[in-house]
Structures are given as structure tokens and as C-alpha cells.
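Each remark here refers to the structure printed beneath this line.
Values quoted throughout were computed directly from the atomic coordinates according to the rules given, and no laboratory measurement underlies them. This structure is a prediction, so every number in the text was calculated from the model and none was measured. Quick reminder, even Gly has a Cβ in these numbers, built from the backbone with ideal geometry, and neighbours come from all protein chains shown.
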């Protein structure tokens, strides 16, 4: 394959990654935007989404699409419930103190990893995609499912955007993000909003995982890389900025796909991590976000 | 912390601890000998971390990079260039101090959560670099130093660091020096300024202290001590691998310091010691009760972190100091 | 005899936050030994002005001179070294440390030579005695009554042996008796140092101030002796109104 088509292939792979990354980063960004905390266990909610997807898919035999749909429906709910419980039991008791929360979510990360290791095991396990359709382009065939992932992600992102900007729940969330004290004075149950947002963030990560797991396999350590990438997206895009998150996800996804295909993935990760550290040091509002209130 | 009275109980306590650790080698069974030596070296790492986290109040999530700087800074020259033990040890410490200076100049431009993430990211870059330079470091697999490479030899001196007793003695010596340095810092004007910065940085600035310079100094000292621990580790235990640069080794000193008591001189040692045994005992017990559950120590570390931060944030010695022994440094 | 030079001058000092001009071309001349009060309605820019002087925030434009030196670009901690001390509008002490340790810090800062621990103790207790907190030296600072916390902050400022002591609403939260003592203390301080005082309590201002600067919307509205200010129509309109306290 010559360079052009190779680049196209890399770009498509990058778009798939960007699609999944956007969902996951959105979850992280919402949690930080509304609750002002950093959830280091976010990658483990992703991993749980994938692991649970495997469980649900194995419960149904026959058409893999059924198993997949079951996973898509149930996996985010279970992960959301776990996140909700963590928020109530741990994070609320810490009063969302930034340092204590980070330490607590690190602990949560390890606990979830151990749980996956115990109940799922150390091996990577595949989940069959719901359909096997190949789109035939002039230079190569491409998985239809992967294209569907991009589509699904766009739908979910649009849906989330609609909820945030057009519904009452979204308004409540944005009000709490803007000024939680005033929101409370207006009768908004900030406590419940926090719990809901935390659960929503986890569910977005879980959905992203269910979408990606037929392409990648489920493994108890799979949360680390996506976590790092989500961090990078959110920091570069500007914490709390939806548009920034999407644009950054696109950039990071595409460049990671392209760099990984042409250069060493380790080098790609190294440069990305270094870049994001420098952005935090020199331009903390990211490339798109407004400066912190 | 009321002035410099209570000097006598403070120094007596610390000398007693140091003496007890020396005496322990004569009563410890073989198996525990090696563990305590390891604990002592890692406790130095924890003490280095404590200077920045406990006293200055800066939560770094990337201290593994300083430990690794010492580890590789001492180990690689020996392995690849045939350096001797003592200059390599010094070089390892120097690498850590220099790295801490550079990271500090960058990271101290941020505060709070941003500082935590920036240190995390820089450490991650460090870890990836040890993998990327795999030709030199052999990445995760690591490198081992041979027996002869770990001997200090000169006209009048022959010290074999692979010898069980010598190794214990060397670890003990490092621990004693670092512990005494920590006590001196904690009771010094510099130490008081660090605590003031932790408690109320703006106020401290408006009292005329250059808070940036003080934080940077704390960072360099912290990095140098952590690197000393890393350098000692490769010299005494003969192994350097990328796992020591990975994120677990940034979380573990945090855990040890939290457990033992942040901003106490003896807390890090206590925390490291307890966690080692606690983790091992519970791991053995749990694996006996639930074989096949693949129970590794990560679950215990995770649970310990959550419980500590929820119910016991001052740690053991921190709580003791608050309730009963107010003079504990 | 040579004319006495001002201790502190500002020229065209301004600071904007986004579109809002919090401090607008303020010119100030404070003579050594003076007790100068800065008054004005809420939001007039008083705290912003003194924050610019002590270095907590940077000016958008203009110049600040202290003892003849241009300190406009000097970082805050260096200004403290020159002799400017600031007490915060919202009390800023070390709540988890003891009262003693709170004052020990600035005393330690001023001890250029290695002072013995006994010397340190004596200086700390002396500062605490001046504000009347000697009995509470062992208490944890955060457990003090609010008024006493403010006095602690003044003690910390005094320990810096300042040439210019800036007090930002120091009597807020103090009882009448405590205010009486406070007025005596400031008069005493004023004998050796220059005092810049932001106050809302007009009684305190009229009793203490030798000169008053009135700010409104970031600009200097009027400047003069207490009597002149009391008689000034513009000031009456903008601020003193019926004479009720806010």
C-alpha cells in the first residue's frame, strides 16, 4: 500500500480512537467541571465496562449482536451504580477535598483492579462484534463495525450535548458547575447532582469501553492507557470545556493513531505526556478553555 | 514545635530507634534480615518523600522518577562503564538532585491538583524513557549487577556489599543519616518555614519569606534523598528495572508516609515497616483462604489508601502526636 | 532643615480586572510617622490599593515608591524585607499552629544573627504582650475568638518591625472594649512607624487618623485632615451620608 492509502488507514484508526476517547474524556471533564475533583480511577470504570461487557455477552448464546446489545445496555448501568456507591461512601465523606480525593481515587483504582483480577482473571478475553461487515474501499477493506463505532460515538456525544444544553437536568448540572454555593441557595440538591454527575462520568467511560471491546480485548490492566490519554485530552482541551474536549480528542486520537503507525508507540506516548505536562505548567487553561474562575 | 526545648527527649528517642535497629540484626532470623535491610532503604525513600509531602505540603505523584534517577544513576555507570561503588553512589544522588531541580523549576509554577498531575506526568515520561532506552536499561526485565561490581575495595578497605551483614550495616547507616537529617530539618528555621508554607502560603509570603525558593529547596532535598535510596537499592540488592520508575513506586511512598504519619520524622520508617509486613501477612492469609483468586498486594494497597484517607489521615505517629506527645517532631 | 520626603508615594497607580478598573490613577503621598486612614464605600478599591502597595497583586500601570526606591516590580516578600507589613482583611493566620508559633515565624525572620532560643522566646512574648495575648500563647490559634485572631495578626505584623504597617479593617469583629485598646495600640505604634489604615468604623478613623484619603470607584475622591473630610460635601454625598455605620 502506498503512502496515501496508508495515511488514510491510519486516519481511520485514529478516528475510531478519537471517537472512544471523546466519550471517555467527556466523562472525566464533566466530573472535574462540576465537582472540581480529579478521578484517577476513571480508567478503571472504563476497564470494568469492558470486563462486564464480556460477562454479559457470554450470558447470551446465538447471535453475537444480542450479547452485545445486552452489554451495551447493562454494563454502563452497573458501572454507574458502582461509581454512585463510591461517591456516596467515600468521596462525599472527604468533602471533595482535592488532595484527599485523588488519594482516595487512587485507592479505588487499585481495589477495582484487584476485583477484576479476582473475578475476571489475568487473561485477555475477546468479545465478538455484533456484526462482521466489511466496507470495501478502493485500497483496502475496512471493518464496518469500526465505522459504526464512530457513528455511535457521535450520536452519544450529540445526545449528551443536548441533555447538557437543552434539558433541565443539564441546566442544573451547569449551574452547579458555575457556582455550587449559589446553586445550593436556589434549592438545587448539589449533593445529588454530584452523585449523578460522578455516575454519568463513569457510565460514559463504560459505554466507550463496550464500544471498543470487540476491537480490543478485555483485560484487567486495560484502563491505564485510556486514562492517560483522557487526561491529555481534558488538559489540552481545557477542563470543563466541551468543545475543547472534542477538538482535543480528535487531535490526540488522530495523531496517536498516525504516530503509532509510523513511529514507536512508546515515543508517541512519551511526547504526548511531556506535551501535556508542559501545557499544564505554561498554559493551565488548556488550548481552548477559559482561565479558571 | 514550641521553640527548641524538648531537645533531650527528641534526640534520645531517635538515638534509641537507631540503636534498636542496629541491635535487631543480632536477633533477627535470616529471612527477616533481608526484609529489614530492604525496609530500611525504602524507608529512606519515604523520608525523602515526607520532606516534600509532609513538611512542605506538596503532594507529588511522581517521586518514582527520583528513586529511579538514583537507581539508574548509580547502576548504569557500574554496569556499562565499570565505575566503582562510591563514585556511582554519589553520581546517583547528584542525578536525583539535578532532576529535582529541573522538575521543581517547572512543576512549582503550578499548585494543588495541577502540581499532582504535572509530577505524575513527568514521572510517566521518565518511566517511558527507561523503556524507550531499552538498549541501555533492558526495560522491565532490568539489569543485575555482579558480585564483584558491588565490592568497595581499596588499599585499606574491603567491603563486600553482597554480604548479608555488611548489607544490613550499610542500609542501617543510610537510614541513620537520613533520619538525623530529617530531625535537623524538622527542628530548623527552614523546617518551620516549610510548615508555614504548608499551613498558609500567602501569609508566609507576606511575612517576607521567599516561598518559591523554599519550596524549590525542599524539592531538591527530597529528590536527593529519594535518589540516595534508589542508589543504595541497586548497590545493596543488585537489581535495577523499569518497575521502579513506574507509578506504583510513586504511590507506595505516599502510602507509607500516610500510614506512619506525615510530617513526623519517624512516621515514614514506621509506615514502611508496617506496610511491608501487613501486606505480606494479609497476602499470605488471603491467598490461603481464597486460592485461585489471584490476590496480589494491589488490593491491599488500594484498601489501605482509602481507609487511611477516610478515617486516619494523620497516620499513627501523627495521631499520637496530636493526642499525647505534642513534642514529637 | 531639609524638607521631609514621603515614605510612600504612588503615581497613576492603576489596576484593572477584565473590564473593571478597581484602582484608577491613584496618587498618594504618605509621610513618615503619619497615621493615614483610607476610607470609602464597599467596592471603592481600598483593599486592592493596599494589595498593590504590599505586593500581593501587580499593578496594571503606574508606579510605587518606598523610601525613595521604585518598588513597582518588586515581589511581595522582598517588600516585607524593606519594612512593609500587611494584615489581611480576612484574617490570615496559621490556625493549626499555636499562638506562640504564629508569632515565632516573623520573629525568626527578623533575627538576622543566630538568636538563641531564649532570645526568640523573649521577643515572641513581648509581641504578644503588646497586643494583650500573652496569656493565650499556648493555645491553638484557630480556637481563639475572632477578635483575638485579628489581634494575633497585628502581633505578627508588629514582629516584623515594619516602617509601614498596613492594617486592613482591623477592628472588624472586635468588641467596644477591644476597640478602645486597639486605638491605644495603634497610637503607640504610630509613634515609631507609619500606619496605613483601612477602616469602616468612623469613630476609629476620626480618633486615630492624622490624614484621610477617601476612595470612590477606584479614584481618590478627597484627601485631607479629619475635619476637612468631615466638612467635604462630595464625601458626604458619596459615603458618610447620614452618618450611619454600614
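Normalised size of the range C:94-161, defined as Cα radius of gyration per 2.2 N^0.38 Å with N residues, equals 1.01. In this simple spin-label model, placing a label point 7 Å from the Cα along the Cα-to-Cβ direction at both residue B:248 and residue C:172 gives a separation of 5.2 nm.
Which of the three applies to the range B:103-214, rounded, prolate or oblate, going by the alpha-carbon gyration tensor with a ≥ b ≥ c and a/c under 1.5 meaning rounded? Judged from the Cα gyration tensor, the range B:103-214 comes out oblate (a/c at least 1.5, b/c at or above a/b).
For chain C, the longest principal axis of the Cα atoms and the long axis of helix C:176-192 meet at an angle of about 90 degrees. For the range A:9-40 versus the range A:183-262, the inter-centroid distance based on Cα atoms is 3 Å.
Using alpha-carbon positions, what is the distance between the centroids of the range C:145-184 and the range B:109-124, in Å? Spelled out, the Cα-based centre of one part sits 39 Å from the other.
Averaged over the residues of B:292-303, the number of partner chain Cβ atoms lying within 10 Å of the residue Cβ comes to 6. By the count of other C-beta atoms within 10 Å, a proxy for reagent exposure, A:173, B:40, A:24 are ordered fewest to most as A:173, B:40, A:24. Against chain A, whose longest principal axis is taken from its Cα atoms, helix A:3-35 shows a tilt of about 20°. Once the C-beta distance of residue B:102 and residue A:58 is scaled by a Förster radius of 45 Å, the resulting FRET efficiency is 0.35 to the nearest 0.05.
Say R0 is 60 Å: what FRET efficiency, to the nearest 0.05, do residue A:266 and residue C:203 get from their beta-carbon distance? Each step should come with its number before you reach the end.
Numbers: r = 71 Å, r/R0 = 1.19.
It comes out at approximately 0.25.
In this simple spin-label approximation, residue B:213 and residue C:90 carry label points 7 Å from Cα along the Cα→Cβ vector, and these lie 3.0 nm apart.
Once you divide the Cα radius of gyration of the range B:193-252 by 2.2 N^0.38 Å, the number left is 1.57.
Computed on the Cα trace of the range C:1-74, the radius of gyration divided by the Kirkwood hydrodynamic radius gives Rg/Rh = 0.99.
For a paramagnetic label modelled on residue C:25 (point 7 Å from Cα along Cα→Cβ), amide N atoms under 16 Å away belong, within the range C:193-219, to C:216-219.
Percent of alpha carbon pairs in chain A separated by more than 27 Å? The calculated P(r) of chain A puts 40 percent of pairs beyond 27 Å.
Highest GNM mean-square fluctuation among A:187, A:244, A:170, for chain A modelled with Cα contacts below 10 Å: A:187. Structure remark: mean-square fluctuation, Gaussian network model of chain B, C-alpha springs under 10 Å; the largest value among B:294, B:163, B:214 belongs to B:294. Classification of the range C:146-214 by its C-alpha gyration tensor yields an oblate form. The axis ratio a/c (a ≥ b ≥ c) is 1.5 or more, and b/c is at least a/b.
Put simply, when A:246-257, B:83-94 are sorted by average Cβ atoms within 10 angstrom per residue, most first, you get A:246-257, B:83-94. Between the range C:31-104 and the range B:153-228, the C-alpha centres lie 34 angstrom from each other. By the Cα gyration tensor, the range B:146-283 has an equivalent ellipsoid whose semi-axes, rounded to whole angstrom, run 33, 20, 14 from largest to smallest. All Cα-Cα separations within the protein assembly as shown were binned at 20 Å from zero, giving a P(r) of 13, 39, 34, 13, 1, 0, each value a whole percent of the pairs. Given their separation in residues at 0.36 nm each and the Cα-Cα distance between them, residue C:111 and residue C:67 gain 13.6 nm when the chain is fully extended. Residue by residue along B:101-108, Cβ atoms of other protein chains within 10 Å of the local Cβ number 1 on average.
Can you put C:148, C:200 in order, fewest other beta carbons within 10 Å first? Before the final figure, lay out the partial values.
Numbers: C:148 20, C:200 17.
Placing the least packed residue first, the sequence is C:200, C:148.
Computed over the protein assembly as shown, the per-residue total of -39500 (n - 2.57) for DSSP H runs of n ≥ 4 gives a 222 nm mean residue ellipticity of -20500 deg cm²/dmol, rounded to 500. For the peptide B:193-205, the mean number of other protein chain Cβ atoms found within 10 angstrom of a residue's Cβ is 5.
Modelled spin-label separation between residue C:42 and residue C:227, with each label point placed 7 Å from Cα along the Cα-to-Cβ direction: 3.4 nm. The relative contact order of chain A, computed from alpha carbon pairs under 8 Å that lie at least 6 residues apart in sequence, is 36 percent. Mean sequence separation of contacting Cα pairs (under 8 Å, at least six apart), scaled by the length of chain B, corresponds to a relative contact order of 31 percent.
Can you tell me how chain C classifies by the Cα gyration tensor, rounded, prolate or oblate, using a/c under 1.5 as the rounded cut?
prolate
Identify which of C:12, C:102, C:163 has the largest mean-square fluctuation in a Gaussian network model of chain C, with springs joining Cα atoms closer than 10 Å. Looking only at C:12, C:102, C:163, the largest GNM fluctuation is found for C:12. Taking 1.567 mPa s as the viscosity and 4 °C as the temperature, the Stokes-Einstein diffusion coefficient of the range B:7-249 based on its alpha-carbon Kirkwood radius rounds to 70 µm²/s.
Relative to the longest principal axis of the Cα atoms of chain A, helix A:168-178 runs at roughly 70 degrees. Based on Cα contacts under 8 Å between residues 6+ apart, the range B:1-96 shows a relative contact order of 18 percent.
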